[in-house]
Amino acid sequence: MDFTERNRERMKKFETMINTADETLAEELVAADAPFHTPASPEPLYGGKGYLSVVHWMRKGFSDVQWHIREMAAEGDRVAVRWELTGTHNGEFMGIAPTNKKISVCVMNFYHFNGEGKVTGDIAAEGMIGILRGIGAM
């Protein structure tokens with residue numbers, strides 16, 4: 001199996017990791033020194049635990065949040081994913097009281113992998129506007 005195909009397979013496991021918040025999978029799939037930039041923290045978060053902290057942050061506002069791979073393109077050490085994020089706004093999110101509105105938002109992420117097949121970086125296209133629109137905040 002070449003790097004491209006391996007990384008596609010790893011992204012399928014990554015989907016399971018974020019939907020289950022599986023720390024063992026996070027350690028397997030994400031390099032410990034991989035930085036992640038997110039509205040959940042003013043400073044970068046690192047590694048699998050850092051990545052999962054974003055999942056936990058989202059679950060505070062959307063207890064049933066799920067990410068579904070809808071499209072994936074891979075080449076060498078890079079994978080682009082179009083995610084569908086779904087959930088119900090049933091907890092406070094970014095200072096906004098629960099609306100109980102269901103959301104379905106398209107989110108794009110670009111992942112970089114190292115030679116061991118671990119994610120070393122994630123560049124996210126801005127999906128926050130879609131989330132805020134979905135709960136009626138915009």
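The values are calculated or read from the model by the stated rules, or taken from the named source; none is laboratory data. Bear in mind that the values here come from a model prediction, so they are computed numbers and not experimental data. Backbone-built Cβ (ideal geometry, glycine too); neighbour counts: all protein chains shown. Protein only, heavy atoms only, side chains kept; ligands, DNA and RNA dropped before computing areas. Shrake-Rupley method; radii C 1.70, N 1.55, O 1.52, S 1.80 Å.
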Checklist outcome for this item: In Å², rounded to a whole number, the accessible area per residue of the range 30-138 with probe 1.4 Å is 52
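Using 1/(1 + (r/R0)^6) with R0 = 30 angstrom and r between the beta carbons of Asp2 and Cys106, what's the FRET efficiency to the nearest 0.05?
Values: r = 29 Å, r/R0 = 0.95.
Efficiency computed from Cβ-Cβ geometry: 0.55.
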Checklist entry - How much of the accessible area of the chain, in percent, comes from carbon and sulfur atoms when a 1.4 Å probe is used? => result 52
Checklist entry - Pairing the Cα long axis of helix 3-20 with the longest principal axis of the chain, what angle in degrees results, from 0 to 90 and rounded to the nearest 10? => result 30
Checklist outcome for this item: Filtered hits (lysines, Cα-Cα < 18 Å from Lys101, offset >= 8 within chain) -> Lys60
Checklist outcome for this item: The aspartates and glutamates whose Cα lies under 17 Å from the Cα of Lys49, excluding any fewer than 8 residues away in the same chain, are Glu15, Asp22, Glu23, Glu27, Glu28, Asp33, Asp122
Checklist entry - Using +1 on the beta carbon of Lys and Arg, -1 on that of Asp and Glu, and nothing else charged, what's the dipole of the chain about the Cα centre, debye to 20? => result 540
